[in-house]
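Asker: Take this structure, written in structure tokens, and hold onto it; I'll ask about it next.
The values are calculated or read from the model by the stated rules, or taken from the named source; none is laboratory data. Please read all numbers here as calculations on a predicted model, not as lab measurements. Glycine gets a Cβ as well: all are built from the backbone with ideal geometry, and neighbour counts include every protein chain shown. Accessible surface is based on the protein model in full, side chains and every heavy atom, while ligands, DNA and RNA are left aside. Shrake-Rupley method; radii C 1.70, N 1.55, O 1.52, S 1.80 Å.
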Amino acid sequence: MEEIDRRIVTLLARDGRMSFTDLARETGLSVSAVHQRVRRLEKRGVLRGYAAIIDHDAIGLPLTAFVSIKPIDPAAPDDAPERLAHLAAIEACHSVAGDESYILKVRVASPVALEDLLQQIRAAANVSTRTTVVLSTPYEHRAPDVAPEPPSAQDGSV
């Protein structure tokens, strides 16, 4: 990926609503050149979408927890993500290395709602759970630092 594309990705990661005019000013390109580059990045799948950042407290989902799951029967099919997809309180599902198979990020209204969700997760996927409740979130949704690619042997700068 070219350095200018990395700069565009970094800027859009910080502010997905940044205008093409502002992107052009920040990158030193013309508005039409920025537009073409953004469209090309979207087509390549580098930019996969733009999303609103939600204040979960404001919408009544103040409790965040991470739920590690592991199958009760290790010989059972590894289909927990599919079995849990219908549970809207699960914001993310990560396959992980270690004792557990997946870590789920969940958001609910209360400890009672968390307890109910844990029962639903156990029943739907036939798993055991280990839960960590989030007390505070100093930061989240940080923009990645899109570092330049390391020099390759082909360009002679190794």
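Asker: Is it the case that segment 107-114 has a residue that's open to solvent by 80 Å² or more (accessible area, probe 1.4 Å) and either in a strand (DSSP E or B) or hydroxyl-bearing (Ser, Thr, Tyr) (or both)?
Answerer: Looking for residues that are open to solvent by 80 Å² or more (accessible area, probe 1.4 Å) and either in a strand (DSSP E or B) or hydroxyl-bearing (Ser, Thr, Tyr) (or both), one finds none in segment 107-114, hence no.
Asker: Would it be correct to say that SER68 is at pLDDT 95 or above, open to solvent by 80 Å² or more (accessible area, probe 1.4 Å) and either closer than 30 Å to MET1 by Cα or in contact with a Lys or Arg (Cβ under 6 Å, 6 or more places away or on another chain) (or both)? Write out each step before concluding.
Answerer: Numbers: at pLDDT 95 or above: yes; open to solvent by 80 Å² or more (accessible area, probe 1.4 Å): no; either closer than 30 Å to MET1 by Cα or in contact with a Lys or Arg (Cβ under 6 Å, 6 or more places away or on another chain) (or both): yes.
No, not satisfied.
Asker: Starting from residues that are open to solvent by 50 Å² or more (accessible area, probe 1.4 Å) and modelled with pLDDT under 95, keep the ones in segment 72-96 and report whichever is nearest to the chain's Cα centre (by Cα).
Answerer: Top of the filtered list is ASP78.
Asker: Please find, within segment 43-71, the residue that is nearest to ALA113 (Cα to Cα) out of those that are in a loop (DSSP other than H, G, I, E, B) and touching a strand residue (DSSP E or B) at 6+ places or on another chain (Cβ under 6 Å).
Answerer: Filtering segment 43-71 down to residues in a loop (DSSP other than H, G, I, E, B) leaves 44-62.
Those left that are additionally touching a strand residue (DSSP E or B) at 6+ places or on another chain (Cβ under 6 Å): 56, 61.
Numbers: HIS56: 15, LEU61: 10 Å.
Step by step, filter segment 43-71, then rank; the result is LEU61.
Asker: Follow-up question, since we're still on this one. Can you tell me which residue within segment 124-151, out of those that are part of a loop (DSSP other than H, G, I, E, B) and open to solvent by less than 50 Å² (accessible area, probe 1.4 Å), is modelled with the highest pLDDT?
Answerer: Within segment 124-151, the match that is modelled with the highest pLDDT is VAL134.
Asker: What residue, of ARG17, ARG6, is among the basic types (Lys, Arg), loosely packed, with under 12 Cβ neighbours inside 10 Å, within 24 Å of the chain's Cα centre (by Cα) and within 20 Å of ARG142 (Cα to Cα)?
Answerer: Working: ARG6 fails: loosely packed, with under 12 Cβ neighbours inside 10 Å.
On inspection, the qualifying residue turns out to be ARG17.
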